[in-house]
Amino acid sequence: MKKKVARVLSLALVVAMLGTTMVGCGKKDNKKNDTTTGNATETTDSTGDTAGTDSTADADKKYDKFLTVDVFATQANYQGIQSGWFAKVVKEKFNMELNIIAPNVAGGGDTLFQTRSAAGNLGDLILMGSENGRLADTAEAGLLVDMTDMVANTKYVSQFTGAIDVAKGLSNDGKLYGIPSSVSSQPATNPSEGLDLTFGTYLRWDYYKELGYPKVGTLEDLLPILKQMQDAHPTSDSGKQTYAISLFKDWDGNMMCMGKQPATIYGFDELGFVFSKADGSENQSIIDDNSEYIRVLKWYFDANQMGLVDPESTTQNYDTMYAKYQDGAVLYSPWPWLGQAAYNTVEHKEAGNGFMFVPVEDESVFSYGATPNGLAKYVVGIGSKAQDPQRMMDFIDWLYSPEGVMYSCAQTASTCGPEGLTWEMVDGRPELTEFGKEALLNGDGTVPEEWGGGSWKDGVSQLNFQTVLASDENPETGFPFNYTLWESVIELNSTPLDKDWQETNDALSTVEYLQKNNQILVAPGTDFVSPQESSEITTLRSQCKAIIIENSWKMVFAKDEAEFYSILKNMQDTVKGLGYDDVLAFDLDCAKQLNEMRDAARQ
């Protein structure tokens with residue numbers, strides 16, 4: 001027992017230098033009537049009970065007029081008025097509510113951004129990408145406030161001088177129009193994740209165990225294993241058809257988003273039409289015959305030929321797919337924050353059921369390195385038509401405070417919310433409360449009325465914006481913001497499911513296993529932001545990516561191999577005729593710049 005406890009504490013010290021990267025979560029459509037124009041709305045009370053009805057005395061004194069704040073958030077997966085416990089906190093601290101405007105929910109693409117830009121008002125609070133000159137152009141168009149002087153008077157944001165300097169370099173006039181996300185005090189070569197990486201191969205471990213834990217040599221070796229698992233368990237917990245793989249289209253961008261995910265276990269990430277390896281050793285055109293992207297499409301095709309792919313993949317959205325994971329209707333997950341978040345309730349884990357990482361012998365899993373100067377390609381700024389710019393700055397500063405970082409949790413994040421509700425300090429270390437265990441380990445819970453009531457998961461922040469890397473140390477506790485890295489939480493990973501995985505793999509966590517086997521490929525965090533491309537490249541990219549996405553889905557569901565390769569050839573010929581090579585040359589140059597910066601970070 002002493003040996004095991006010592007091992008737990010040792011692991012905690014190791015992983016305390018790691019972190020989590022927030023990724024998109026399920027989308028909800030709670031639309032306000034008009035999301036194209038409009039300023040913050042002044043009113044005398046909240047527009048909904050869930051936002052709370054009472055302001056604190058301090059908020060009433062400092063912010064005497066209640067505001068409905070329009071938040072244009074390009075990574076948000078929810079649209080409408082923020083509700084629940086986070087809304088109550090925002091109401092009490094700032095006497096305002098958040099009306100989130102999310103392009104992801106409103107059809108995707110740039111349409112909503114262009115429409116609101118043309119109207120001269122993006123919103124009061126702007127969470128946006130800065131790549132391809134987007135931040136500079138938006139500022140030059142007069143849509144953003146210069147925060148240079150405002151930031152100088154902040155308590156928290158002003159501390160991140162490196163991130164501020166990088167952000168100033170993104171504008172044409174050297175002024176500050178956005179604060180980078182994910183700022184960190186860690187070296188760029190540290191993985192940014194926690195006990196699990198962002199990507200990986202996660203299967204229903206209980207079904208995998210039934211097969212005797214078969215060895216997996218390559219990605220392709222997974223398919224016969226998944227076939228056996230599906231054949232043995234053809235129905236879900238509710239009696240619906242089970243499929244090994246389920247896909248969705250919501251996040252398709254330069255390519256079929258789900259076509260990238262399995263390639264990450266071999267160290268690749270996307271940059272435009274390029275698959276770039278974390279160590280800089282290889283840059284692939286995604287449409288090449290031997291690219292990892294085409295390999296993944298063929299993998300999905302083979303899976304579909306075996307009856308393993310959910311036929312509703314082409315029409316469902318993320319929410320629909322997520323519900324299937326919750327029901328036990330899907331057996332493979334490319335992310336821990338999907339399969340585990342949806343299915344690994346305490347009840348399931350106590351029964352030995354749930355998703356766990358399954359090693360692939362030839363993998364080197366991509367890991368995002370920490371970003372000392374923040375992630376400059378995604379920033380938060382203030383709209384030029386904001387009714388109360390200073391209140392927006394105060395709110396941003398709070399988001400970067402230790403309290404704000406802890407409060408800004410989400411279903412896919414790893415900070416856990418308010419002290420006193422989900423966690424508390426016990427004998428000098430942070431521990432989850434009973435409610436915290438219910439909400440965070442079991443997936444949801446009913447929030448006490450004094451904290452706003454309602455469902456925990458429905459009340460989390462819908463901004464999907466990480467201000468400070470979660471694996472960084474909380475200066476107020478001396479422990480990581482990321483609760484999964486706390487010793488007290490690691491000690492809770494002792495269910496039959498956890499124990500069986502740990503004993504089988506001789507490790508306490510996925511990261512520990514991958515570190516021991518030298519199977520993590522860290523892409524050092526850098527200040528790189530994709531430069532502005534010409535209007536010609538933008539036009540060509542738009543045409544080409546539409547063809548790539550359409551034909552990628554067709555390839556997955558092709559009737560046979562002959563049709564698969566015929567569609568591939570047609571796609572290659574079509575996009576090359578549209579100027580694909582010109583766009584590829586631009587992206588390859590970007591990849592070269594990025595790799596040079598990563599190399600410098602390794603020095």
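The values are calculated or read from the model by the stated rules, or taken from the named source; none is laboratory data. Only a predicted model underlies this, so the values are computations on that prediction, with no experimental measurement involved. Here the Cβ is made from the backbone with ideal geometry for all residues, glycine too, and neighbour counts use every protein chain on show.
Being without any contact (Cβ under 8 Å) to a residue 40 or more places away in the chain and either in a helix (DSSP H, G or I) or more than 21 Å from the chain's Cα centre (by Cα) (or both) is the filter here, so list the residues in the stretch 66-108 that pass it.
Within the stretch 66-108, PHE66, THR68 qualify.
Quickly run through the stretch 412-462 and pick out the residues that are among the β-branched types (Val, Ile, Thr) and at pLDDT below 95. I'd like the intermediate steps shown before the answer.
Going residue by residue through the stretch 412-462, those that are among the β-branched types (Val, Ile, Thr) are 412, 415, 422, 426, 433, 446-447, 460.
Passing the criteria: THR412, THR415, VAL460.
Of the residues that make up the stretch 474-484, is at least one crowded, with 19+ Cβ neighbours inside 10 Å and more than 30 Å from ILE164 (Cα to Cα)?
no
Any residue in the stretch 236-262 that is of a type in the set (Asp, Glu) sitting within a Cβ distance under 6 Å of a residue that is part of a helix (DSSP H, G or I) and surrounded by fewer than 24 Cβ atoms within 10 Å (Cβ to Cβ)? List the pairs, counting only those 6 or more apart or interchain.
Cβ pairs passing all conditions: ASP250/TYR318; ASP252/ILE549.
Let's see how each residue does on (1) out of contact with any Pro (no Cβ under 6 Å at 6 or more places or on another chain); (2) in a helix (DSSP H, G or I); (3) crowded, with 23+ Cβ neighbours inside 10 Å; (4) of a type in the set (A, V, I, L, M):
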{"site": "LYS155", "(1), (2), (3), (4)": "yes, no, no, no"}
{"site": "SER158", "(1), (2), (3), (4)": "yes, yes, no, no"}
{"site": "ASP165", "(1), (2), (3), (4)": "yes, yes, no, no"}
{"site": "GLY174", "(1), (2), (3), (4)": "yes, no, no, no"}
{"site": "SER185", "(1), (2), (3), (4)": "yes, no, no, no"}
{"site": "PHE199", "(1), (2), (3), (4)": "yes, no, yes, no"}
{"site": "TYR207", "(1), (2), (3), (4)": "yes, yes, no, no"}
{"site": "VAL216", "(1), (2), (3), (4)": "yes, no, no, yes"}
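Would you check if there is a residue in the stretch 412-434 being assigned to a helix (DSSP H, G or I) and surrounded by fewer than 17 Cβ atoms within 10 Å (Cβ to Cβ)? Steps first, answer last, please.
Here is the first cut: in the stretch 412-434, the residues assigned to a helix (DSSP H, G or I) are 434.
Checking which are surrounded by fewer than 17 Cβ atoms within 10 Å (Cβ to Cβ) leaves us with 434.
Yes - at least one qualifying residue is present in the stretch 412-434.
Going residue by residue through the stretch 137-148, is there one that turns out to be among the hydroxyl-bearing types (Ser, Thr, Tyr) and farther than 24 Å from GLN532 by Cα?
First pass over the stretch 137-148, keeping only residues among the hydroxyl-bearing types (Ser, Thr, Tyr): 138, 148.
Filter again for farther than 24 Å from GLN532 by Cα, leaving none.
No, the stretch 137-148 contains no residue that is among the hydroxyl-bearing types (Ser, Thr, Tyr) and farther than 24 Å from GLN532 by Cα.
For the stretch 173-195, indicate whether the set of residues that are over 30 Å from MET258 (Cβ atoms) and charged (D, E, K, R) is non-empty.
Taking every residue of the stretch 173-195 in turn, at least one turns out to be over 30 Å from MET258 (Cβ atoms) and charged (D, E, K, R).
Please state which of the following conditions SER238 fails to meet, knowing it meets all the rest: (1) among the hydroxyl-bearing types (Ser, Thr, Tyr); (2) in a loop (DSSP other than H, G, I, E, B); (3) within 30 Å of LEU588 (Cα to Cα).
Only one criterion in (1) among the hydroxyl-bearing types (Ser, Thr, Tyr); (2) in a loop (DSSP other than H, G, I, E, B); (3) within 30 Å of LEU588 (Cα to Cα) is unmet by SER238, namely (3).
Please work out if VAL151 is closer than 18 Å to PRO372 by Cα and at pLDDT 95 or above. Working first, answer last.
On the way: closer than 18 Å to PRO372 by Cα: no; at pLDDT 95 or above: yes.
Considered against the rule, which asks whether it is closer than 18 Å to PRO372 by Cα and at pLDDT 95 or above, VAL151 comes out as no.
Name the residue, out of LEU469, LEU440, that is out of contact with any Lys or Arg (no Cβ under 9 Å at 6 or more places or on another chain), under 16 Å from PHE86 (Cβ atoms) and in contact (Cβ under 8 Å) with a residue 24 or more places away in the chain. It would help to see each step written out before you state the result.
Working: LEU469 fails: under 16 Å from PHE86 (Cβ atoms).
The unique qualifying residue is LEU440.
Within the stretch 491-501, how many residues are of a type in the set (S, T, N, Q) and more than 26 Å from the chain's Cα centre (by Cα)?
Taking the stretch 491-501 first, the residues of a type in the set (S, T, N, Q) are 493-495.
With the extra rule that they be more than 26 Å from the chain's Cα centre (by Cα), the set shrinks to 494-495.
The total comes to 2.
For the stretch 218-225, indicate whether the set of residues that are part of a helix (DSSP H, G or I), among the acidic types (Asp, Glu), within 26 Å of LEU540 (Cβ to Cβ) and out of contact with any Cys (no Cβ under 9 Å at 6 or more places or on another chain) is non-empty.
First, pick out the residues of the stretch 218-225 that are part of a helix (DSSP H, G or I): 219-225.
If we keep only those that are among the acidic types (Asp, Glu) as well, we get 220-221.
This time we only want the ones that are within 26 Å of LEU540 (Cβ to Cβ), so: none.
Scanning the stretch 218-225 turns up no residue that is part of a helix (DSSP H, G or I), among the acidic types (Asp, Glu), within 26 Å of LEU540 (Cβ to Cβ) and out of contact with any Cys (no Cβ under 9 Å at 6 or more places or on another chain).
Do we find a residue being free of Cβ contacts under 8 Å to residues at least 60 places away in the same chain, of a type in the set (S, T, N, Q) and either buried (at least 23 other Cβ atoms within 10 Å of the Cβ) or under 18 Å from GLN390 (Cα atoms) (or both) anywhere in the stretch 145-153?
Restricting attention to the stretch 145-153, the residues satisfying the condition of being free of Cβ contacts under 8 Å to residues at least 60 places away in the same chain are 146, 148-149, 152-153.
From the residues that got through so far, the ones that are of a type in the set (S, T, N, Q) too are 148, 153.
Filter once more, keeping what is either buried (at least 23 other Cβ atoms within 10 Å of the Cβ) or under 18 Å from GLN390 (Cα atoms) (or both): 148, 153.
Yes: the stretch 145-153 contains one or more residues that are free of Cβ contacts under 8 Å to residues at least 60 places away in the same chain, of a type in the set (S, T, N, Q) and either buried (at least 23 other Cβ atoms within 10 Å of the Cβ) or under 18 Å from GLN390 (Cα atoms) (or both).
From TYR322, TYR293, TYR300, which residue is among the aromatic types (Phe, Trp, Tyr), touching a residue at least 12 places away in the same chain (Cβ under 8 Å), closer than 26 Å to ARG598 by Cα and touching a helix residue (DSSP H, G or I) at 6+ places or on another chain (Cβ under 7 Å)? Let's see the steps before the verdict.
Values: TYR322 fails: closer than 26 Å to ARG598 by Cα; TYR300 fails: closer than 26 Å to ARG598 by Cα.
Only one candidate qualifies: TYR293.
Tell me, which residue of the stretch 503-533 that is modelled with pLDDT of 95 or more and of a type in the set (Ser, Thr, Tyr) is surrounded by the most Cβ atoms within 10 Å (Cβ to Cβ)?
In this case the residue turns out to be THR510.
Please go through the stretch 392-411 and pick out each residue that is at pLDDT 95 or above and in a loop (DSSP other than H, G, I, E, B).
Once the filter is applied, which keeps residues that are at pLDDT 95 or above and in a loop (DSSP other than H, G, I, E, B), the stretch 392-411 yields TYR400, SER401.
Looking at (1) part of a helix (DSSP H, G or I); (2) touching a helix residue (DSSP H, G or I) at 6+ places or on another chain (Cβ under 6 Å); (3) of a type in the set (S, T, N, Q), which is the only condition ASN353 fails?
(1)
Can you tell me how many residues in the stretch 183-202 are in contact with a Leu (Cβ under 9 Å, 6 or more places away or on another chain) and over 30 Å from GLY354 (Cα atoms)?
Initially, the stretch 183-202 is screened for residues in contact with a Leu (Cβ under 9 Å, 6 or more places away or on another chain), giving 183-186, 190-195, 197, 200-202.
The next check asks that each one be over 30 Å from GLY354 (Cα atoms); those that pass are 183-186.
Summing the residues that are in contact with a Leu (Cβ under 9 Å, 6 or more places away or on another chain) and over 30 Å from GLY354 (Cα atoms) in the stretch 183-202 gives 4.
Does at least one position in the stretch 40-48 carry a residue that is at pLDDT below 95 and buried (at least 20 other Cβ atoms within 10 Å of the Cβ)? Before the answer, list the steps.
Within the stretch 40-48, the subset at pLDDT below 95 is 40-48.
Right, trim to buried (at least 20 other Cβ atoms within 10 Å of the Cβ) and you get 40, 46.
Yes, the conditions are met somewhere in the stretch 40-48.
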